[in-house]
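What follows is a single structure, written as structure tokens, with notes after it.
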Amino acid sequence: MLAVHLISFFFSKLQEDPTKKVDRFLHAMRLHDDQLIDISARFQAEMKKGLSAESSAAAAVKMLPTHVRSTPDGSEKGQFLALDLGGSKFKVLQVKVREGMGVRKGGVEMEEKIYPISKELLNGRAPELFDHVSKSLKDFLHVKNISLEKKHPLAFTFSFPCEQTRLDKGLLLSWSKNCRARGLQGKDVVQALREAIDRTGGMDIEVLAMVNDTVATMMTCGFDDQYCDVGLIIGTGTNVCYMEELRHVDLVEGDEGRMCVNTEWGGFGDDGALNDYITEFDQDVDATSINPGKQIFEKMVSGMYLGELVRLVVLKMTKLGQLFDGLVSDALMTKGKITTAHVAAMEEYKNGLKNTRDILVELGLNPSQDDCIAVQHVSTIVSFRSSNLVAAGLAAILTRIKQNRHLRALRITVGVDGTVYKTHPQYPKRLHKVVRRLLPECQVRFVLSDSGSSKGAALVTAVAQRLASRKRQVDETLAPFKLSQEQLQLVKATMRAGLEAGLKNKGPSAVKMLPSYVYHTPDGTEHGKYLALDLGGTNFRAMLVKFKKGLQNNTRLYHKIYTVPLEIMQGTGEELFDHLAQYVSDFLDYMGMKKAHLPAGFTFSFPCEQTAIDTGILVSWTKGFKATDCEGHDVVNLLREAIKRRNEYDLDIVAVVNDTVGTMMSCAYEDPQCEVGLIAGTGSNACYMEELKNIEKIRQKKQKTEGDEETPEAVEDKQDDGSKGDKKAETSETSRMCINTEWGGLGDDGSLDDIITPFDAEVDHNSVNPGKQRFEKLTSGMYLGEIVREVLLDLTRGGLLFRGRVTETLKTPGIFQTKYLSQIESDRLALLQVRSILQHLGLDSTCDDSIIVKEVCGAVSRRAAELCGAGMAAVVDKIRENRGLDHLNVTVGVDGALYKLHPHFSGILQETTRVLAPQCNVTFLPSEEGSGKGAALITAVARQK
Ligand code: BG6
Ligand code: BG6
Ligand code: GLC
Ligand code: GLC
């Protein structure tokens, strides 16, 4: 009975289909659809991690932005060299792309040569590997008779994970597959290639773009199929890229359109996400690889590992006595003896079994028919698992694209390349079938890249070349705004000469150097209630200020702001001053002080020739004002007359003060080291404490009065109309006076012509005061926006911006106010916000346009800040030299919208001053309450005399 049983068991064993035992043995590798759906969902989650800013650093699936923003549109053209490194073959190519023609119409011509790379090079030092690459390139030029004299743009397909910040810059994150050349990880691969090309010498090569093979494949296939938004490689390694919505790519600025993302899906599972699908064979493959723990998904899928997986399975089964009667050969125990080519051969449709037998015999084994069937089946299960896993990954990607685009069904093409896909007889069919089963609602087309990835790389490069030429033209346009240290030193020297010439009083000078009759900064003894009126930019301010002796922190201020309409700024003088008188009336009503007859200080922020603290003859209007019958008149009188005409209230106007002087005084109230005032606002100007003896106008006056045998003190008393002089000036040994430089006029004599650009000339030409205030027109808020607009107009006319369309908006003067420049240049602003500011201004821009506009604003405002810094360096060095000091500590009181609101202006100004005046330690102190408080302080001092 037992014998019968044994015999029947023996027979049943004999008759068992050998594939069954393999099925049982490799149960874990046979993935069902529900498992594939599960894997697909896990991959979707990994993609999200890789895209998000918070989790991307630690993500296993890296989701690398490629800076490729569009698939080919037919406008690409040019002749390119290409290098293709990272697949099973290293190739050098020449690719010619003709505009507007798909491949089938003969739009692309290619010539290529394969150059072998030894294992030693792949495992040696990176510079040597790259030397080999560039020498091969040079050989190719030679062999193909390509001119060594001409400059050649080059596309670089580099099939390893790189973190790209630009198309032509990418840091190698890690090696994968069969390469681990030392010294490149973390470095810029493009730079390494450029250096190698330089080392080789004798070629003029411009490396314009580096692309991953997936991206290049997508581009190759996209040349003929506009639906191709995915690139897939199943070769030595495996990877996929696809067009992602830019708004989901946290690592790249901009929210508009799409960008190709290189998923580097080979790393899926590196964080354990696939642990429950990993078999002992996968673990063995990983453990003996050059990158253990890395590229887990790749090691289950790609050509470099499939043969090895088959070998490990067959070896284990043999050792268990399930194959070859348990007899193991040396070859079977040797890593790498079964390759992907073997796997493909074993699964060939008709000859598969015969091939299997030949392969096994070659491995020193003695296979039975069943052994052959079993090993062939092992091969099938391993390669089937690979295509299933790829299908699961692809399903995740296609689902994501579908959701991104809010579609229920999706029509899409996947461009594919790689030896496994190309040479394995069953692979493509199996893959297509499973993808379609997993995504029945999607119409997926697979297109084999017929000519490798280099064509695609060349297409990317063609776009890069167009962008590079656009960038070059923008850079060229902006070059004159970029001032060298030497130029800035020269500006400082010019300013210094301007200050000296202005002090000399030999006829009119560009820098006017106007005496202010302010001899001292405040000392804290000021007290009382004062009115301050402030006409500076577009606003008029009326203010009531109360000081308490010795209590600098206890100043009280009440104020009201009035906007001066353009027609009043540019109407008659009488109308303008009547308006001011009316604003004052309103303010006194508001404060309930109509009858108070207060002492008042008048901040009047225009150049005035003063002969006393309360007289100021307007030399010329600036900053867009041009009210008639004011120039040459005493503005204090003009205001007094207007008040008289109103016959409603009375004011005692005690002092007229420039805003720079007011600002210096108001800051000096807090910081006694403050001896300079600076305005970087609508206009640009500075004042500082100068030695009386250096001020020719004052000396001449003194000499004249001494000639009349009067003491200078008496003269000053006289000039100051009895009560209004500063008595301290009489007693101080080192008497000083604050000088309003009116530095905005620097260059009016042509001394800045070397740095003035055609855009500045245009702005000057269109201003109300052509030829005047040339320095101010380079540095102040009123003009910066106009300079920007002139540059944008020029770039647009050149077709480099706004699609070449010059709109009415762009032609409108004044659209770029300082506040918009400040917003556009804010580092915290995403490009989309820049774009929305531009759109708000009526400029319909793309994100690329926004980048250029930001760059233009940056160049113009940087120059302004640097020029102000050069001017300030001249001023502080003059003070230092006046006092015979090696080192000067000084504070500059500052006001103005440009200084206060612009994100970079103040920093650049301070840095430039530091560099150009190294012997001065300059502190910039922003004024808290404007220059009105300073005017009130001056009034207080004058009143207390
Ligand atoms: C080729 C590309 O066509 O496909 C290579 O030009 C790429 O850059 C390759 O790496 C992938 O396949 P394999 O099998 O050579 O790794
Ligand atoms: C203010 C002063 O604080 O600053 C004004 O009180 C001055 O008189 C102004 O003109 C400068 O700033 P902006 O940016 O308004 O020209
Ligand atoms: C590896 C590389 C990847 C490449 C792929 C296919 O996975 O890391 O960049 O795309 O191989 O060649
Ligand atoms: C203009 C004026 C000047 C003023 C400056 C800042 O340059 O001429 O007086 O100080 O603007 O407002």
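The values are calculated or read from the model by the stated rules, or taken from the named source; none is laboratory data. As the structure is a prediction and not an experimental result, all values here were calculated from the model. Backbone-built Cβ (ideal geometry, glycine too); neighbour counts: all protein chains shown. When the accessible area is computed, the model is the full protein with side chains, heavy atoms only, and any ligands, DNA or RNA have been set aside. Shrake-Rupley method; radii C 1.70, N 1.55, O 1.52, S 1.80 Å.
Observations
- Any chance residue 129 is farther than 15 Å from residue 197 by Cβ and of a type outside the set (D, E, K, R): no
- Within region 1-81, helices (runs of 4 or more DSSP H) holding 3 or more residues that are at pLDDT 90 or above and over 21 Å from residue 257 (Cα atoms): 18-25, 33-51
- Scanning region 421-442 for residues that are under 22 Å from residue 222 (Cβ atoms) and either in a strand (DSSP E or B) or within 16 Å of ligand 3 (Cβ to nearest atom) (or both) yields 421, 422, 431, 442.
- Filter result for residue 764 (more than 15 Å from ligand 4 (Cβ to nearest atom) and assigned to a helix (DSSP H, G or I)): no
- When region 341-361 is limited to residues that are part of a helix (DSSP H, G or I) and more than 16 Å from residue 308 (Cα to Cα), the one that is least open to solvent (accessible area, probe 1.4 Å) turns out to be 352.
- Scanning region 643-662 for residues that are out of contact with any Cys (no Cβ under 8 Å at 6 or more places or on another chain) and crowded, with 24+ Cβ neighbours inside 10 Å turns up 654, 655, 657, 659, 662.
- Of all residues making up region 443-469, the number that are part of a strand (DSSP E or B) and either more than 24 Å from residue 226 (Cβ to Cβ) or among the charged types (D, E, K, R) (or both): 1
- Among the residues of region 265-292, those that are without any contact (Cβ under 8 Å) to a residue 60 or more places away in the chain and either in a loop (DSSP other than H, G, I, E, B) or β-branched (Val, Ile, Thr) (or both) comprise 272, 278, 285, 288, 289, 292.
- Any hit, region 901-911, residues being open to solvent by 10 Å² or more (accessible area, probe 1.4 Å) and of a type in the set (Phe, Trp, Tyr): no
- Lone unmet requirement of (1) in contact (Cβ under 8 Å) with a residue 12 or more places away in the chain; (2) within 19 Å of residue 786 (Cβ to Cβ); (3) open to solvent by 30 Å² or more (accessible area, probe 1.4 Å) for residue 868: (3)
- Within region 912-937, restricting attention to residues that are closer than 17 Å to residue 676 by Cα, in a helix (DSSP H, G or I) and open to solvent by 10 Å² or more (accessible area, probe 1.4 Å), the residue that is farthest from ligand 1 (Cβ to nearest atom) is 914.
- Some residue of region 501-508 being open to solvent by 20 Å² or more (accessible area, probe 1.4 Å), in contact with a Lys or Arg (Cβ under 7 Å, 6 or more places away or on another chain), basic (Lys, Arg) and farther than 18 Å from residue 679 by Cα: no
- Among (1) assigned to a helix (DSSP H, G or I); (2) under 16 Å from residue 420 (Cα atoms); (3) open to solvent by less than 10 Å² (accessible area, probe 1.4 Å), the one test that residue 396 misses: (2)
- Residue list for region 182-230, restricted to those being over 24 Å from residue 146 (Cα atoms), among the hydrophobic types (A, V, I, L, M, F, W, C) and away from ligand 1 (no atom under 16 Å from the Cβ): 184
- Pairs meeting the criteria (first residue in region 530-542 and open to solvent by 10 Å² or more (accessible area, probe 1.4 Å), second residue modelled with pLDDT of 95 or more and within 16 Å of ligand 3 (Cβ to nearest atom), beta carbons under 7 Å, at least 6 apart or on different chains) are lacking.
- Criterion applied to 264, 280 was being at pLDDT 95 or above and either in contact with a Lys or Arg (Cβ under 6 Å, 6 or more places away or on another chain) or within 16 Å of ligand 2 (Cβ to nearest atom) (or both), and the one residue passing it is 264.
- Scanning region 121-177 for residues that are assigned to a strand (DSSP E or B), of a type in the set (A, V, I, L, M), touching a residue at least 60 places away in the same chain (Cβ under 8 Å) and under 25 Å from residue 265 (Cα atoms) turns up just one, 155.
- Summed over region 258-311, the residues that are more than 16 Å from ligand 1 (Cβ to nearest atom), of a type in the set (Val, Ile, Thr), crowded, with 22+ Cβ neighbours inside 10 Å and closer than 16 Å to residue 392 by Cβ give a count of 1.
- Residue pairs meeting the criteria (Cβ under 9 Å; at least 6 apart or on separate chains; first more than 21 Å from residue 654 (Cβ to Cβ), in region 586-599; second open to solvent by 50 Å² or more (accessible area, probe 1.4 Å)): 586/560; 590/558; 590/560
- Against the test of being in a helix (DSSP H, G or I), open to solvent by less than 20 Å² (accessible area, probe 1.4 Å), over 22 Å from residue 476 (Cα atoms) and out of contact with any Lys or Arg (no Cβ under 8 Å at 6 or more places or on another chain), the options 843, 838, 821, 795 yield a single qualifying residue, 838.
- The single condition among (1) modelled with pLDDT of 90 or more; (2) more than 21 Å from residue 607 (Cβ to Cβ); (3) under 48 Å from the mean Cα position of the chain (by Cα) that residue 577 does not meet is (2).
- Pick from region 420-440, criterion touching a helix residue (DSSP H, G or I) at 6+ places or on another chain (Cβ under 8 Å) and closer than 19 Å to residue 401 by Cβ, ranking: surrounded by the most Cβ atoms within 10 Å (Cβ to Cβ): 431
- Considering only residues in region 554-575 that are within 15 Å of residue 542 (Cβ to Cβ) and among the hydroxyl-bearing types (Ser, Thr, Tyr), the one that is least open to solvent (accessible area, probe 1.4 Å) turns out to be 562.
- Selection from region 321-340 of residues that are part of a helix (DSSP H, G or I) and surrounded by fewer than 16 Cβ atoms within 10 Å (Cβ to Cβ): 325, 326, 331, 333
To keep it simple, each residue is scored yes or no on (1) closer than 18 Å to residue 609 by Cα; (2) touching a Lys or Arg at 6+ places or on another chain (Cβ under 9 Å).
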{"position": "654", "(1), (2)": "yes, yes"}
{"position": "657", "(1), (2)": "yes, no"}
{"position": "671", "(1), (2)": "no, no"}
{"position": "675", "(1), (2)": "no, yes"}
{"position": "689", "(1), (2)": "yes, yes"}
{"position": "699", "(1), (2)": "yes, yes"}
{"position": "702", "(1), (2)": "yes, no"}
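- Scan of region 671-702 for residues that are within 36 Å of the chain's Cα centre (by Cα) and more than 18 Å from residue 874 (Cα to Cα), ordered by number: 681, 682, 683
- Scanning region 592-606 for residues that are more than 16 Å from ligand 4 (Cβ to nearest atom) and either β-branched (Val, Ile, Thr) or surrounded by fewer than 17 Cβ atoms within 10 Å (Cβ to Cβ) (or both) returns 592, 593, 594, 595, 596, 597.
- Qualifying strands (runs of 3 or more DSSP E) (wholly inside region 201-264; at least 1 residues being among the aromatic types (Phe, Trp, Tyr) and closer than 30 Å to residue 341 by Cα): 238-245
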